[in-house]
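The values are calculated or read from the model by the stated rules, or taken from the named source; none is laboratory data. These figures come from a predicted structure and were not determined experimentally. Neighbour counts are summed over all protein chains in view; Cβ atoms, including those assigned to glycine, are modelled from backbone coordinates with ideal geometry.
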Amino acid sequence: MSDAPPVSPPALFLLGASHHTAPLALREKLALTAEKLSAFQEKLRALHGLREFTVLNTCNRVEFYGVASHAETVARLQAEFCAFQDFPADEFARIRQHAIGPEALRHLLEVSAGLQSQMLGETEILGQIKDAYAAAQARQTVGPVLNRVFQKTFQHAKYIRSHTAITEGQISIANVAVDLAMKIFGQLDGTRILLLGAGDIGEKTAKAFQSRGAASLTVASRTMERAMELARAFDGAALPFESAPNRFADFDIVVCSTAAPHAVVTRTAVDAAMNKRRDQPLFFIDLALPRDVEPAVAEEENVFVYNLDDLAKIADENLAAREAEVAKARALATEKAGALWKQIEPQLPPRA
């Protein structure tokens with residue numbers, strides 16, 4: 001693979017990396033915090049030859065969709081991104097995904113329909129793409145080409161979902177995590193659960209636990225008001241975020257989903273907790289990127305740690321039953337991408 005992604009007419013492109021090419025440790029280094037995402041988007045405004053762009057930044061992927069009027073534009077974008085994230089350019093070249101024209105469209109369609117997700121068929125990604133597109137609209141970084149691309153993509157993704165069984169029996173991160181907890185603890189009605197982070201992912205996991213009979217739920221968030229709000233929704237309790245590490249011994253399951261740029265669960269804190277818990281297991285579900293739990297925590301005896309990649313591997317065991325529907329959905333994505341490309345190609349800028 002060459003150091004610079006090839007771009008020739010047509011000039012619609014995709015550039016990025018995802019869980020398909022980059023393990024969790026590398027995705028942590030590539031992920032953009034909200035502040036960095038905003039700053040990098042401003043840098044891209046000044047990138048010569050970049051007519052339009054949208055950034056899709058999730059726990060499993062960082063992808064740039066754009067319209068380039070120069071063959072060198074995508075190579076410059078890649079170089080800018082690597083420099084901005086202090087990520088080795090040669091390593092990014094090894095793990096990147098890039099496509100142009102109809103292949104870029106097909107990729108976006110597959111992502112939108114949940115065909116590229118760690119949890120095959122999940123529906124959350126479509127909402128994340130809609131949010132990314134809305135943010136690009138607000139920043140005025142999309143124009144006639146990407147407006148058409150994303151609007152039609154949303155329609156086609158809905159069509160693929162409704163004309164295949166790709167979402168039937170779908171497995172969510174939250175449900176996989178709860179099933180694992182049940183294997184470790186058995187019935188959950190007596191378990192004590194701490195939500196470390198009160199965002200959307202944590203809330204969905206809490207719902208999954210509650211649906212399996214879990215009754216004792218405590219929420220810790222950097223924003224105490226949000227912790228109290230979520231705790232009330234689940235008839236639970238709220239805990240100051242800074243107090244949580246000293247209280248790990250009081251819980252059986254800790255669900256971690258903060259937006260912290262570094263680990264918030266250290267081996268030191270877990271070791272102290274396990275000295276108090278003796279033979280009682282402690283289960284950490286790390287749904288954050290970057291990870292909330294230090295890798296060394298998993299070395300503690302009677303401590304179980306599962307991160308996003310671990311849960312995805314478990315979910316993959318149930319993939320075989322839906323292989324026929326996956327093939328059908330991919331064929332539809334290819335068909336819709338080809339039809340959309342015929343509409344988009346005439347709108348592209350001439351190559352410089």
Condition met for Ala71 (more than 22 Å from Glu28 (Cα to Cα) and part of a strand (DSSP E or B)): no
Residues that are within 20 Å of the chain's Cα centre (by Cα), charged (D, E, K, R) and closer than 20 Å to Val149 by Cα, drawn from the stretch 61-116: Arg61, Glu63, Arg106, Glu110
Residue list for the stretch 189-227, restricted to those being surrounded by fewer than 22 Cβ atoms within 10 Å (Cβ to Cβ) and farther than 22 Å from Met119 by Cα: Asp189, Gly190, Arg192, Gly213, Ala215, Ser216, Thr218, Arg222, Thr223, Met224, Glu225, Arg226
Candidates Thr54, Thr58 - the one that is surrounded by 16 or more Cβ atoms within 10 Å (Cβ to Cβ) and either outside the structural domain of Lys336 (by TED's automatic domain parsing) or over 13 Å from the mean Cα position of the chain (by Cα) (or both): Thr54
Residue, modelled with the lowest pLDDT, within the stretch 304-320, restricted to residues that are farther than 20 Å from Ser18 by Cβ and surrounded by fewer than 20 Cβ atoms within 10 Å (Cβ to Cβ): Asn318
Breaking point among (1) more than 30 Å from Glu323 (Cβ to Cβ); (2) among the basic types (Lys, Arg); (3) in contact with a strand residue (DSSP E or B) (Cβ under 8 Å, 6 or more places away or on another chain), for Arg61: (1)
Check on Ile166, crowded, with 22+ Cβ neighbours inside 10 Å, within 20 Å of the chain's Cα centre (by Cα) and touching a residue at least 24 places away in the same chain (Cβ under 8 Å): yes
First in the stretch 291-305 and over 8 Å from Arg267 (Cα atoms), second anywhere and surrounded by 20 or more Cβ atoms within 10 Å (Cβ to Cβ) and of a type in the set (Ser, Thr, Tyr), Cβ under 7 Å, 6 or more apart: Asp292/Thr258
Residue match in the stretch 171-188 (condition: surrounded by fewer than 18 Cβ atoms within 10 Å (Cβ to Cβ) and of a type in the set (A, V, I, L, M)): yes
Filtered residue count, the stretch 85-126, keeping only those that are part of a helix (DSSP H, G or I) and of a type in the set (Lys, Arg): 2
Residue list for the stretch 33-49, filter: part of a loop (DSSP other than H, G, I, E, B), within 14 Å of Ala68 (Cβ to Cβ) and touching a residue at least 40 places away in the same chain (Cβ under 8 Å): Gly49
Residues (touching a Lys or Arg at 6+ places or on another chain (Cβ under 7 Å) and at pLDDT 85 or above) located in the stretch 160-196: Thr164, Val178, Met182, Leu188
Close pairs (6 angstrom Cβ cut-off, 6 or more residues apart or separate chains): without any contact (Cβ under 8 Å) to a residue 40 or more places away in the chain in the stretch 125-143, among the polar types (S, T, N, Q) anywhere: Leu126/Ser112
Residue check, Glu110 modelled with pLDDT under 95 and surrounded by fewer than 22 Cβ atoms within 10 Å (Cβ to Cβ): no
